[in-house]
Amino acid sequence: QVYLVESGGGSVQAGGSLRLSCKAPRMITSVFRSNIKGWYRQAPGKQRELVAAINLDDEARYADFVKGRFTIASDNSRKTVSLQMNSLKPEGTGGYYCKLGGGDSGSWGQGTQVSVSS
């Protein structure tokens, strides 16, 4: 099984920032590089939804509700994908999950909790 380690979640005030990281320490570098990567959010009582994704050409896409505030980046040499989150809003509260690979065959991290207070 794919082993993904997420970190960086926490509790912040509205307007604050967090940086999430997702590492694949057991994965061969070439395999990590060959997969698209993404970050998803699951708010309480809601379905998991895409926040940001980055492809093999380092082209990033963002959900409308985070554009201009979040930045996704992939460091293939360190087998790490990060999500810099600025200007956080209370609506951003939820579990954040990294995903390696696209579609139903992708692998998920364990999730990290983000709580944004008013």
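Assorted remarks:
- Across region 36-75, the qualifying residues are those that are over 18 Å from residue 16 (Cβ atoms) and among the basic types (Lys, Arg), and the one among them that is farthest from the chain's Cα centre (by Cα) is 46.
- Residue tally, condition among the small types (Gly, Ala, Ser), open to solvent by less than 80 Å² (accessible area, probe 1.4 Å) and in a loop (DSSP other than H, G, I, E, B), over region 58-82: 1
- Residue in region 1-57 that is surrounded by the most Cβ atoms within 10 Å (Cβ to Cβ), counting only those that are closer than 23 Å to residue 69 by Cβ and of a type in the set (Ser, Thr, Tyr): 40
- Failed item, numbered, when residue 97 is tested on (1) closer than 12 Å to residue 42 by Cα; (2) surrounded by fewer than 14 Cβ atoms within 10 Å (Cβ to Cβ): (2)
- Residue in region 39-58 that is under 18 Å from residue 3 (Cα atoms), touching a residue at least 40 places away in the same chain (Cβ under 8 Å) and either of a type outside the set (A, V, I, L, M, F, W, C) or in contact with a Lys or Arg (Cβ under 7 Å, 6 or more places away or on another chain) (or both) present: yes
The values are calculated or read from the model by the stated rules, or taken from the named source; none is laboratory data. All values reported here derive from a predicted model rather than from experimental measurement. Note that we place each Cβ from the backbone using ideal geometry, even for glycine, and neighbour counts take in every protein chain shown. Protein only, heavy atoms only, side chains kept; ligands, DNA and RNA dropped before computing areas. Shrake-Rupley method; radii C 1.70, N 1.55, O 1.52, S 1.80 Å.
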